[in-house]
Amino acid sequence: MKLTPSLRALRVASPTPSPGATPAARQSRFRGVPGRALLLTSLFALSFAAQAQPADLVVTNAKIATLDAAGTMAQAIAVRDGRIVAVGSAAQMGAFTSPATRTVDAGGRTVVPGLIDSHMHAVRAALSYSTEVNWIGAGTIAEAMARIRAAAANARPGGWLIVAGGWTEQQFAERRRPTLAELQEAAPNNPVYVQLFYEAVVMTPKALEALGVAPGTLPAGMKPTPDGAPGWMSGDIVGISALFDKLPKPTYDDNVAGTRAFFTELNRLGITGLVDPGGFSIAPSQYAALFQLWREKALTLRVAYSVFAQKPGAELQEFRDLTQMLPMGFGDDMLKFNGLGERVTLAMYNNNFPDEAAKAKFYELVKWAATKKMAVTIHWQENGSVDHLLGLYEKLNAEVPIKDLRWSIAHLDDASPETLARMKALGIGWTMQDAMYFQGDRALAVRGDAARRMPPIGTALRTGVNVGAGTDAHRVASYNPFVALQWMLDGRTVSGKAMRGADETPTREQALRLYTQGSAWFSFDEGRRGTLEVGKLADFAVLDQDFFSVPLERMGKTTSLMTVVGGRIVYAARPFNATGASVASAP
């Protein structure tokens, strides 16, 4: 039977939703142009379309990047009951429109699937978002100090001012860290704590006094920085995290307010979901604010969270206790348990030379996790030592298959082709972040030309490893996905230095797929979200500039003008909100 143009032009909901794109589709190129005929879902579509029920939301006059297997572009999308029921042209949305349908004219703007950060410490960041000082995006030390002054003016007398991370000296025009004197001048009456990644901290005398640190001494686990800068001290991730734990904690009300505000901020940037690997300084009790918003149906993005070991030496028992009534995948579309990580055992964490005892204890734990069918994500940074990890995983896979459990490695910016091939054989995914945007200048200085393949995005795609994009925010990086996407495409560090070579640089479509489909894989959701196809969850963002044509140097400034999660508008700015202020629809 010959198909008529009207039959070919519309995708509508059918009894069997179309499946998600295959991993191989991540490297396809966009084909088709807005207004051209789209692929037919099934011959049943015509009769079903005639009986179509009205949609709750219809977006028209858009450039919709569906990211389906064919890389189809569309003009309009219809949503009912939180899912996509039709994708096609504006004219074809009439069958789904009634007086009760909310219709949005996108004004020709680009619509992309909601972005998903595959590795963000968002639950922890949210707890203090309403009380911390943020230097993300500050271009000069003067601007950073202005934020300190503003926070001091709004703080209660003697209140702490804390910059927990997300910045680097390379982002400042001065290419240096703020001095102790500058911090004291900006906030003479407040204790000030500033953290640079997990390597250095500066505390004003008032801050040291408040923690009971005697004059002329340093907090436990800290030592002077090599350059001897007044007030600055250095340490490792364990020592600095222990120091941070001594700082005053926000109240529970602060936690709830911070979580609402931070998630709305992520929505402003087109983020509709994330995978949270836990982290230092966040006990199980501190998930209460997240759980409260979930109970109230007030979450504005989807969270898949892992359990992070907090008890060194007793990790297996800790995981047993925490998960005995928390089976893998427990939860719903907005919040669910996603396994163990990113620290599995302290003895194997950031340890390039684990002894046999450490490896045996780690093996016992991951074997237990495998028998429970739990996902495991692990922090590993150096390719030179990753054989310790992969050797254990290969041994385990022969005993208890792990290939279908979606285990993953975070970071590993210098992964070799051999390492990636081993990961592919084991079914292990790679959560890749934009650490080299912030730290690439150092990598170039230390590694030279070898740094130009860090991270090896192109090699991973060619190998077929499942890759999800993200940021590792907020202590070590900005949470802005468009900064990460710009870096993925231009390979330039925060100082503007060219780094990654063309062979490891993805196309714009590939980069976007890594932030959508790719990340969805890590929470077992690639069949439900990550593309804009009939039957999938209606998560998308209307962008303020065209992702596919904006000059790369401007991509990092991209924001969402309207973000939709499950068909609900969770963020809107002018022109979609007449006042120009953000809005979060009531649940």
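Pairs linking a residue in the stretch 322-338 that is of a type in the set (Ser, Thr, Tyr) to a residue that is assigned to a loop (DSSP other than H, G, I, E, B), with Cβ atoms under 8 Å and 6 or more positions apart or on different chains, are THR323/LYS372; THR323/MET374. Listed conditions (1) open to solvent by less than 70 Å² (accessible area, probe 1.4 Å); (2) touching a helix residue (DSSP H, G or I) at 6+ places or on another chain (Cβ under 6 Å); (3) part of a loop (DSSP other than H, G, I, E, B) are all met by GLU174, apart from (1). Of the set (1) among the hydrophobic types (A, V, I, L, M, F, W, C); (2) touching a Ser or Thr at 6+ places or on another chain (Cβ under 8 Å); (3) assigned to a helix (DSSP H, G or I), all apply to ILE378 but (3). Of PHE522, PHE540, PHE482, PHE547, all but one fail to be open to solvent by less than 30 Å² (accessible area, probe 1.4 Å), at pLDDT 95 or above, of a type in the set (Phe, Trp, Tyr) and over 16 Å from the mean Cα position of the chain (by Cα); the exception is PHE547.
Evaluate the stretch 503-516: report whether one residue or more is free of Cβ contacts under 8 Å to residues at least 12 places away in the same chain, open to solvent by 10 Å² or more (accessible area, probe 1.4 Å) and more than 23 Å from ARG124 (Cα to Cα). No; the residues of the stretch 503-516 include none that is free of Cβ contacts under 8 Å to residues at least 12 places away in the same chain, open to solvent by 10 Å² or more (accessible area, probe 1.4 Å) and more than 23 Å from ARG124 (Cα to Cα). Note on the stretch 485-502: among residues that are surrounded by fewer than 24 Cβ atoms within 10 Å (Cβ to Cβ) and of a type in the set (A, V, I, L, M), the one that is modelled with the highest pLDDT is LEU489. For the stretch 256-275, the criterion of a residue being of a type in the set (Gly, Ala, Ser), more than 23 Å from LEU322 (Cβ to Cβ) and open to solvent by 10 Å² or more (accessible area, probe 1.4 Å) is satisfied by at least one position. Does the stretch 528-542 include one or more residues that are of a type outside the set (D, E, K, R), under 30 Å from GLY139 (Cα atoms) and out of contact with any Pro (no Cβ under 7 Å at 6 or more places or on another chain)? Among the residues of the stretch 528-542, at least one is of a type outside the set (D, E, K, R), under 30 Å from GLY139 (Cα atoms) and out of contact with any Pro (no Cβ under 7 Å at 6 or more places or on another chain), which makes the answer yes.
Within the stretch 417-440, the set of residues being open to solvent by less than 20 Å² (accessible area, probe 1.4 Å), within 22 Å of THR471 (Cα to Cα) and either touching a residue at least 60 places away in the same chain (Cβ under 8 Å) or of a type in the set (Gly, Ala, Ser) (or both) comprises GLY429, THR431, MET432, GLN433, MET436, PHE438, GLY440. Taken over the stretch 478-500, the residue count meeting the criterion of being aliphatic (A, V, I, L, M) and either closer than 18 Å to ARG452 by Cβ or in contact with a His (Cβ under 9 Å, 6 or more places away or on another chain) (or both) is 5.
Meeting the requirement of 1 or more residues that are farther than 22 Å from ASN338 by Cβ, in contact (Cβ under 8 Å) with a residue 12 or more places away in the chain and touching a strand residue (DSSP E or B) at 6+ places or on another chain (Cβ under 9 Å), the helices (runs of 4 or more DSSP H) wholly within the stretch 192-299 are 205-210, 237-244, 252-268. Would it be correct to say that LEU266 is modelled with pLDDT of 95 or more and either of a type in the set (Asp, Glu) or within 32 Å of the chain's Cα centre (by Cα) (or both)? Yes, satisfied. The set of residues from the stretch 441-468 being touching a strand residue (DSSP E or B) at 6+ places or on another chain (Cβ under 6 Å) and either open to solvent by less than 20 Å² (accessible area, probe 1.4 Å) or of a type in the set (Gly, Ala, Ser) (or both) comprises PRO455, ALA460, VAL465, VAL467, GLY468.
Any idea which residue in the stretch 373-416 is nearest to GLN324 (Cα to Cα), counting only those that are open to solvent by less than 50 Å² (accessible area, probe 1.4 Å) and among the small types (Gly, Ala, Ser)?
Only one residue tops the list, namely ALA375.
Within the stretch 127-146, residues that are at positive phi and assigned to a loop (DSSP other than H, G, I, E, B) have Cβ atoms under 8 Å from residues that are open to solvent by 60 Å² or more (accessible area, probe 1.4 Å) and modelled with pLDDT of 90 or more in no pair, counting only partners at least 6 apart in sequence or on another chain.
Reported count of residues in the stretch 307-327, each being in a loop (DSSP other than H, G, I, E, B) and buried (at least 18 other Cβ atoms within 10 Å of the Cβ), is 3.
Hey, among GLU143, GLU185, which residue is within 16 Å of GLY231 (Cα to Cα) and open to solvent by 30 Å² or more (accessible area, probe 1.4 Å)? Answer to the check: GLU185.
The values are calculated or read from the model by the stated rules, or taken from the named source; none is laboratory data. Predicted model only: the values in this text are computed from it and were never measured. Heads up, the Cβs are rebuilt from the backbone with ideal geometry, glycines too, and the neighbour counts pull from every protein chain shown. Heavy atoms of the whole protein, side chains included, go into the accessibility calculation; ligands, DNA and RNA do not. Shrake-Rupley method; radii C 1.70, N 1.55, O 1.52, S 1.80 Å.
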